[in-house]
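Data first, discussion second: the structure below is written as structure tokens.
Please treat every number below as a calculation from the coordinates, not as lab data. Just so you know, these numbers come straight off a predicted model, no measurement behind them. As a convention, Cβ positions derive from the backbone with ideal geometry for all residues, glycine included, and neighbour counts pool all protein chains shown.
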């Protein structure tokens, strides 16, 4: 099995499972209870919060556990709406942000979707121009899930800090993979999700800087200092902390290693398969594990199926594969044309991948592309134009 | 979303893939915007489709429906071919995921477009055959 879909989810680290299991067995007590056994559970949550805080250079009271990236994103937006009727975001956000904003539009909110350039970057001047008196929040993703473009968040927060507007970033793709320091970034909120860095699914966190006027969207018990009701997912919380600790410890080494594999894969594809185009950032501001390539004359899903038949997992945001019949909103916003957008494939690498995986992938990929091009009327038309 | 074994077979081993130099009629439908382009070639002799082939840019279902459609039209009279519906192509493939039903419609339209091309070239009128759609209707 060749796995190139780490941006979708990562395998859980064995140490993470080991750390979680006691909280699914003997350490089952409700952390809010007053008796002695529950104190140990409370302590495990506190310890986990400290780990997350340290990894992000935050304070423990600024970390709130959630059910994952989607909840964190929803909370960051919906909890800010009492500040104003206007929200600024981008055209290339994850659906966890984008569809919340689309839904708000229906309820009468004004949403500005900032455009991006050909590599997926938001221009600071566009943000500067979009800010209004009644802007409740600016939310711009740290790194794009499809094309890996890492935004210059610090430049954006310099603008929002001047105008005293809270800034949220969806850092689900970045945490555990690139160094993140919330103080240095100047963000008021940041979303993360455990299963993107070797932790379990169904748990995440939202960093909320002290003093940020974020309202609760879950009412009920007094958990998470009265801001997020619901009995804690204790095993999940221990899991996210263990995973982030491991990822943070290994980050300098894995960042270099995965980046080298990424660049090797990009080079192999572009230099050995004709009519291929790299989508996203060309320079260093790209997630270490992200490779997004358009294969001209063929459609992404058909290539994915070919790869799948040979035991290789990759993904696409393109038309058919997602069940939606629209090409990737990210690629369209970047100005990639329909044909190239429909032929885009994302290979996302993680610490589990090796150079051997890349060699094995190339052995499968080249003939699959050739086979599909032999089927393509667009390729026929192209060859005829070449001759004439 | 899952494809039937029939669909996967016709996708991985598509039948009748080639350009046909001496085709009696050629029909191209779809566009890159919708993500699928099908080109169907028909060889017609004495009102009978004696050969059919295709080229398709598109997803697994698009390739499989084109492959199946070209198999189904071979040996049939023009009158019979006009009556082959997208539902018949889908049935022959043991069904398609709901979101992929439009691929079978495209296959039907590609066959009809090739027949229309044949009729135009030969000054014929084929009963029940409508002119192909243009532009972004898919």
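Measuring from label point to label point, each 7 Å out along Cα→Cβ, what is the residue A:229 to residue B:5 span in nm? Taking the simple label geometry, residue A:229 and residue B:5 are separated by 5.3 nm. Taking Cα atoms only, the orientation of helix B:101-122 departs from the longest principal axis of chain B by about 10 degrees. Peptides A:92-98, A:261-267 ranked from most to least packed by the mean count of surrounding Cβ atoms within 10 Å: A:92-98, A:261-267.
For chain A, take the longest principal axis of its alpha carbons; what is the angle in degrees between that and the long axis of helix A:14-24, to the nearest 10 within 0 to 90? Here the helix axis deviates by roughly 40 degrees.
Across peptide A:333-344, the average count of Cβ atoms from other chains found within 10 Å of a residue's Cβ is 2. Calculate, for residue A:95 and residue A:201, the FRET efficiency according to 1/(1 + (r/R0)^6) with r their C-beta to C-beta distance and R0 25 Å; round to the nearest 0.05. So, using R0 = 25 Å, E works out to roughly 0.90. For the residues A:226, A:292, A:353, a GNM of chain A with alpha-carbon springs under 10 Å puts the largest fluctuation on A:226. Peptides A:116-127, A:168-179 ordered by packing proxy, namely the average of other Cβ atoms within 10 Å per residue, highest first: A:168-179, A:116-127. Residues of region B:36-80 falling in the label zone of residue B:88, defined by backbone nitrogen less than 16 Å from a point 7 Å along Cα to beta-carbon, are B:48-52, B:65-80. With both partners inside the protein assembly as shown, how many of the DSSP beta bridges are antiparallel, as a percent to the nearest 5? In the protein assembly as shown, approximately 70 percent of DSSP beta bridges are antiparallel ones. Distance from the alpha carbon centroid of region A:152-178 to that of region B:80-138 works out to 52 angstrom.
Model label points for residue A:134 and residue A:57, set 7 angstrom from Cα along the Cα-to-Cβ axis, are 3.7 nm apart. Counting only DSSP H runs of at least 4 residues, each contributing -39500 (n - 2.57), and dividing by the residue count of chain A, the helix-based mean residue ellipticity at 222 nm comes to -13500 deg cm²/dmol.
R0 = 51 Å: FRET efficiency of residue A:256 with residue A:383, Cβ-based, nearest 0.05? So the FRET efficiency works out to roughly 0.75. Of the residues A:211, A:198, A:236, which exhibits the maximal mean-square fluctuation in a Gaussian network model of chain A defined by a 10 Å Cα contact cut-off? Its mean-square fluctuation being the largest, the pick is A:211.
Look at A:352, A:26 and count the other Cβ atoms within 10 Å of each Cβ; fewest to most, that gives A:26, A:352.
Using C-alpha pairs under 8 Å with a sequence gap of at least 6, the mean separation divided by the residue count of chain A gives a relative contact order of 22 percent.
Counting 0.36 nm for each residue step from residue A:39 to residue A:282 and taking away their Cα separation leaves a gain of 82.4 nm. Entry note, chain B: relative contact order of 30 percent, from Cα contacts under 8 Å with a spacing of 6+ residues. Counted by neighbouring Cβ atoms within 10 Å, the residues A:65, A:28, A:347, A:255 run from fewest to most as A:28, A:255, A:65, A:347. Remark: B:103, A:312 ranked as A:312, B:103, counting other beta-carbon atoms within 10 Å and listing the fewest first. Helix A:300-309 axis versus longest C-alpha principal axis of chain A: approximately 80°, rounded to the nearest ten.
Summary value for region A:251-377: 30 percent relative contact order, contacts being C-alpha pairs under 8 angstrom separated by 6+ residues.
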